[in-house]
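Input: a single structure, listed below in structure tokens.
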Amino acid sequence: MAKLGVNIDHVATLRQARQGTEPDPVWAAVEAELGGADLITVHLREDRRHIRDRDVELLRHTVAVPLNLEMAALDEMVTIALRIKPTMATLVPEKRAEVTTEGGLDVVANARTIAAAVGKLTDGGVNCSAFIDADPRQVHAAKQAGFTICELHTGPYALAAAGSAHDREFERVRAAGEEILNCGMQLNAGHGLNYTNVQSIARLPHLSELHIGHAIISRAVFTGLRDAVARMKMAISNAD
Ligand code: PXP
């Protein structure tokens with residue numbers, strides 16, 4: 001069964017609504033772990049719109065499961081990651097105006113900058129994952145850049161209406177997943193997944209991790225985070 005990485009950024013987004021101290025993402029990480037989260041993910045954005053440096057520092061000391069830091073391939077973020085040493089750094093594209101991460105990292109177009117960041121992180125003992133679109137060119141560029149893990153962007157699959165568009169997007173993810181494995185990299189997937197659409201993705205052969213945020217935090221508003229995580233784990237295990 002694929003592991004579940006729980007993205008707790010939205011807890012910090014709620015805190016940001018009052019620019020105060022609650023709810024605390026550090027508490028959220030504890031609840032997510034008690035619900036069965038296999039990893040905790042936070043995205044430290046350049047504009048610090050939700051997760052703050054203090055959160056990442058505290059989470060590094062309090063989270064018992066692996067910590068996945070999403071970040072842009074910027075010198076500032078590489079320096080922070082090398083100091084904090086998360087278990088894994090997922091490199092994502094970042095645009096100030098976007099509501100959430102919109103597309104995959106364009107490793108083809110930014111090969112040199114990205115490879116330099118991956119080199120520094122890897123030398124510092126941080127595993128690097130590339131968040132990429134389901135495109136074989138990006139898979140090969142990620143391999144070239146030194147990544148050992150790829151997270152396939154499942155957003156287009158999640159947004160596609162039922163029918164041929166949905167089947168086409170699923171097939172893209174499946175084929176790119178196969179290419180990642182053929183290149184000897186670890187296969188992860190995430191973005192836009194919820195309690196129903198997760199099952200087809202969870203059935204992908206040799207999938208290691210699913211990274212999910214919005215659906216879990218939305219459910220948690222009504223049921224509590226521990227329960228929302230446990231139910232997502234159940235949805236993933238039912239796919240077996
Ligand atoms: N993976 C990556 C790289 C992301 O940037 C995000 C969103 O922050 C997710 C997974 C989770 O996406 P969602 O919140 O839609 O589940």
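Just so you know, all these numbers are worked out from the coordinates, no wet-lab data involved. All figures in this text were calculated on a predicted structure; none of them were measured in a lab. No Cβ is skipped: glycine too gets one built from the backbone with ideal geometry, and neighbour counts run over all protein chains shown.
Per-structure values
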quantity	calculated
Surrounding net charge for G224, when Lys and Arg each add one and Asp and Glu each subtract one, Cβ distance under 11 Å	+1
Surrounding net charge for L74, when Lys and Arg each add one and Asp and Glu each subtract one, Cβ distance under 11 Å	-3
Fluctuation leader among L74, L193, L105 - the chain, Gaussian network, Cα springs under 10 angstrom	L74
Whole-number D in µm²/s for segment 44-110 (Stokes-Einstein; Kirkwood sum over Cα pairs; 20 °C, 1.002 mPa s)	168
Extension gain, R112 back to T100 (0.36 nm per residue minus Cα-Cα distance, nm)	1.8 nm
Lysine-lysine proximity count for the chain, Cα under 28 Å, sequence distance 8 or more or distinct chains	11
Gyration tensor (alpha-carbon) shape descriptor, the chain, a/c threshold 1.5	oblate
Relative contact order %, the chain, counting alpha carbon pairs below 8 Å whose residues are six or more apart	21
Efficiency of FRET from Cβ geometry, E171 and Q16, R₀ 45 Å, rounded to 0.05	0.75
Environment charge of L181, counting only residues whose C-beta is closer than 13 Å and scoring Lys/Arg +1, Asp/Glu -1	0
Segment 162-205 versus segment 55-128: alpha-carbon centroid distance in Å	22
Cα principal axis extents for segment 72-119, largest first, Å	28, 24, 17
